[in-house]
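Input: a single structure, listed below in structure tokens.
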């Protein structure tokens, strides 16, 4: 008795597993990477020995005060009223938003306090003052 041979199929590489792997890699890189948004304003931050770790998953607003006392938010020059309205809008979007205040080390203290006061009246609960971290050298 003679059996008929089925024609052998050529092995094929399925596209579904490849798509799954690509999506898994995409998700992995999205979760493990972070982006720092630079404001484009040149400032010199004061130095600090202590370091505070910031959680990256929290909503935040970055306000920059340059050496001349000008205030920037998202790279745009802002006056007092426009800054307050932008901060109020940020609080409306996320009530737990944090303010990161990057002030030049030569800016007057009163200007920094004014920005902090605007943030508090806008409803921001947490203000972090940015500083450049400098490791302490052993003696």
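The values are calculated or read from the model by the stated rules, or taken from the named source; none is laboratory data. This structure is a prediction, so every number in the text was calculated from the model and none was measured. We place every Cβ from the backbone using ideal geometry, glycine too, and count neighbours over all the protein chains shown.
From the list 112, 91, the one residue that fits, being surrounded by 13 or more Cβ atoms within 10 Å (Cβ to Cβ), part of a helix (DSSP H, G or I), over 18 Å from the mean Cα position of the chain (by Cα) and modelled with pLDDT of 85 or more, is 112. Whenever a residue of the range 9-34 is at pLDDT below 85, its partners that are part of a loop (DSSP other than H, G, I, E, B), lying with C-beta atoms within less than 9 angstrom and at least six residues away or across chains, give the pairs 34/56.
The set of residues in the range 58-72 that are within 16 Å of the chain's Cα centre (by Cα) and either without any contact (Cβ under 8 Å) to a residue 24 or more places away in the chain or assigned to a loop (DSSP other than H, G, I, E, B) (or both) comprises 58, 59. Just one of the numbered conditions (1) farther than 21 Å from residue 131 by Cβ; (2) surrounded by 13 or more Cβ atoms within 10 Å (Cβ to Cβ); (3) modelled with pLDDT of 90 or more is not true of residue 72: (1). Looking across 59, 130, 103, one residue alone is more than 27 Å from residue 33 (Cβ to Cβ), in contact with a strand residue (DSSP E or B) (Cβ under 9 Å, 6 or more places away or on another chain) and modelled with pLDDT under 90. It is 103.
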